[in-house]
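Written out below as structure tokens is the structure these notes cover.
The values are calculated or read from the model by the stated rules, or taken from the named source; none is laboratory data. Bear in mind the structure is a predicted one, so any value in this text is a computation, not a measurement. Methodologically, a virtual Cβ is constructed for each residue, glycine included, from the backbone with ideal geometry; neighbour enumeration extends over all protein chains shown. All accessible areas refer to the heavy atoms of the entire protein, side chains included, with ligands and DNA or RNA removed. Shrake-Rupley method; radii C 1.70, N 1.55, O 1.52, S 1.80 Å.
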Amino acid sequence: MMKSWVEKISALCLPARVHVCDGSEEEAATIASEMVERGTFVPLEAKKRPHSFWCHSHPDDVARVEENTFICSKKKEDAGPTNNWKDPTEMYAMLQTLFHGCMTGRTMYVIPYCMGPLSSPLARFGVEITDSPYVVLNMRLMTRMGNEALKLMQGKPFVPGVHSVGMPLKEGQKDSPWPCNPGNRWIVHFPGERSIWSYGSGYGGNALLGKKCFSLRIASAIGRDEGWLAEHMLILGITNPQGEKKYIAAAFPSACGKTNLAMLTPTIPGWKIETVGDDIAWMRFGADGRLYAINPEAGYFGVAPGTSMKTNPNAMRTIAKNTIFTNVALTKDKDVWWEGMDGSFPEGLTSWLGTPWDKGAGKPAAHPNSRFTVSSRQCPIYDKTAEAPEGVPISAIIFGGRRSSTLPLVFESFDWAHGVFLGASVSSETTAAAKGEVGKLRHDPFAMLPFCGYHMGDYFAHWLEMGKKTAPDKLPRIYHVNWFLKDANGKFLWPGFGENARVLQWIFERTSQRGSAHKTAIGYLPDALNVQGLESVNLKTLLTVDRDAWRKECEELSEYFQLFGEKLPKVIAEQLDALRERL
Ligand code: GTP
Ligand code: SPV
Ligand code: MN
């Protein structure tokens, strides 16, 4: 099945050669040295950061491109009002023209990969065909890729994905270090036949098809059909001083703190956090009636700016070697730098554009969406249970967004349906993770707005249905957090990062029938938080329900929900009505 498909794509894209990836170290080393030769990769100083590379993209290929992302379900109404849609037959015909000869002069790489631990019954296979060596090396870190996956997928279904940078090379034409085609980008999903086509971008979620394209957009559609959930969630293990361990999943929109929470170093003594995943969770109910999660990924494609020994020491240790850095700044002595890194900024920086950085020009040295790619195994707090084939049992689900006002630091839902309403109500200020304006408040239900592979209204309904699959006391409790409240001067009210452990502690206690709370109009708020050793936080402001602001929030939500028309589950509308009543 795979062989004939590869032949078909090769006949369409007309590459100079075809290379089936085995995932070996030698293969990666060969590809990397070719990229160094071509000027795509700069090797970092081996004494400082062994086996690591710096690269920068085309200046207009720096983030996901939501306006060029399509869900081509048979019927338009199945894609829903939050996705771009085109008739699949028309789109397919267009793609055949677009991809014809698109790999001329290039190597076509075939990447067999597995999302999820190789031995897991929840794991799924994919094959990405790409003409980008950068994609091959990133997929090698982000997924279980190569011979092992290829062997296991024999006779099993796989999600085919075709990716091209969209820049065929004519005879004798010199290649660019970051080939792409920003004027002609297409990130296309066919949820019906479960396939992916991506053209014109070499960056992140546009090009690493195992990540957002497969593990969220296609997988969410599979999950709907099969009764499970594919979510934009981190998964962490949390152990209290008594040695009791629980698992928590949390959904925040892009660049809103998932990696940081997943790798958190608690400031409260005796508590321990371990990382299962930092971006995506696949969850289904186990035989015991509890919700189990696996992380389909095997690596981190993490936001660099803001990452430091102070904010996220575990990430800093993770990226000490064998790491690909994209669009960060390069130091004189061939190491990496970005805004928010420890220490003073080094002189003689090369900016993410590849040119000497002009400090006075007021532009950052590292692109705000610059990233590191690294294997999870290098994370010092990588949780061994991340490789458990059955996944980990989830005690709490957290939703959150980047909100400068209104949403308190933390609150708990009354029950599953109310929790689903909280997920549906998430809004957040936009970040540099997607092309477009930054800092604009937008609705981002379940942090899945750009990633849901079907009608968002049906997705809400699917979540409500999931809550009926088990006894209520076995369901995870649902929370909402907001690390991003600001004071009148625009300063964060909550220190965040390691201090977020204090909020996790309350959640941990609550899921153990401990931890005290009082009922408010919006949910249960903590009676108290552990703020021992924390200087000057204004808990009163952080844990307040501003009724006027919430009434406005309701108006806003009511208008937004109209978007879903008849597909808005009645329960969600009733939840909103009930909230208004309570206010
Ligand atoms: P994606 O990989 O795009 O999905 O992002 P993410 O959700 O994993 O976000 P990440 O943890 O990488 O954080 C994004 C940005 O938010 C970084 O610049 C962080 O430094 C910052 N950030 C993370 N957690 C906190 C926090 O608790 N408080 C504040 N103020 N900033 C935070
Ligand atoms: C996100 O945007 O949520 C990311 C980065 O995790 S990307 O891989 O580009 O989707
Ligand atoms: Mn993400």
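At a 1.4 Å probe radius, carbon and sulfur cover how many percent of the accessible area of segment 300-378? Roughly 55 percent of what the probe reaches on segment 300-378 is carbon or sulfur. Which residues among segment 238-262 fall inside the zone where the amide N is under 12 Å from a point 7 Å beyond the Cα of Q532, along Cα→Cβ? Counting only backbone N, you get 241.
If you average over every viewing direction, what projected area does the convex hull of the Cα atoms of the chain give, in nm²? The partial results should precede the final answer.
Numbers: hull surface 102.2 nm².
The number I arrive at for the chain is 25.6 nm².
Put a dot 7 Å past the Cα of A320, heading toward its Cβ, do the same for D333, and the two dots end up 1.7 nm apart. Length gained on full extension, K156 to A11, computed as 0.36 nm times the residue gap minus the Cα-Cα distance: 49.8 nm. Sorting the segments 245-253, 162-170 by their mean number of nearby beta carbons within 10 angstrom, highest to lowest, gives 245-253, 162-170.
The residues of segment 113-227 present an accessible area of 30 Å² per residue when probed at 1.4 Å with all protein chains retained. Backbone phi angles across segment 515-529, fed through the Karplus curve with coefficients 6.51, -1.76 and 1.60 (θ = phi - 60°), yield HN-Hα couplings of x, 8, 8, 10, 7, 10, 4, 9, x, 7, 10, x, 5, 8, 10 Hz in residue order; Gly and Pro are listed as x. Computed per residue of the chain from DSSP H runs no shorter than four, each worth -39500 (n - 2.57), the mean residue ellipticity at 222 nm is -7000 deg cm²/dmol. Full extension of the segment from D473 to A46, taken as 0.36 nm per residue of separation minus the current Cα-Cα distance, would add 148.5 nm. For K552, the aspartates and glutamates whose Cα comes closer than 15 Å to its Cα, not counting residues fewer than 8 places off in the same chain, are D577, E581. Distant-in-sequence amide contacts of S195, defined by a placed amide H-H separation under 5 Å and a gap of 5 or more residues or a different chain, comprise F190.
Would you mind calculating the gained length between E566 and V438 on full extension (0.36 nm times residue separation, minus the Cα-Cα distance), in nm to one decimal? Present the calculation step by step, with values, prior to reporting the outcome.
Working: separation 128, 0.36 × 128 = 46.08 nm, distance 3.16 nm.
Roughly 42.9 nm would be gained on extension.
Cα gyration tensor of segment 300-378, axes a ≥ b ≥ c as square roots of the eigenvalues: rounded (a/c below 1.5), prolate (a/b > b/c) or oblate? Taking the square roots of the gyration eigenvalues as a ≥ b ≥ c, segment 300-378 is prolate.
Over segment 300-378, what is the relative contact order in whole percent, taking alpha-carbon pairs under 8 Å and six or more residues apart? Before the final figure, lay out each step's value.
Values: 139 pairs, mean separation 35.5, N = 79.
Value for segment 300-378: 45 percent.
Of the accessible area of segment 82-222, computed with a 1.4 Å probe over protein heavy atoms only, carbon and sulfur atoms account for 54 percent. Amide H neighbours of F285 under 5 Å, counting only residues 5+ apart in sequence or on other chains, H built in-plane at 1.01 Å? For F285, the qualifying residues are Y292.
Residue by residue, segment 404-412 carries 3J(HN,Hα) couplings of 6, 8, 6, 7, x, 3, 7, 8, 10 Hz when phi is fed to the Karplus relation 6.51 cos²θ - 1.76 cosθ + 1.60 (θ = phi - 60°); x denotes Gly or Pro.
Here the label points at H518 and T544, each 7 Å from Cα along the C-beta direction, are separated by 1.4 nm in the simple model. Using Cα pairs closer than 8 Å and at least 6 residues apart in sequence, work out the relative contact order for the chain, in percent. This gives 15 percent for the chain.
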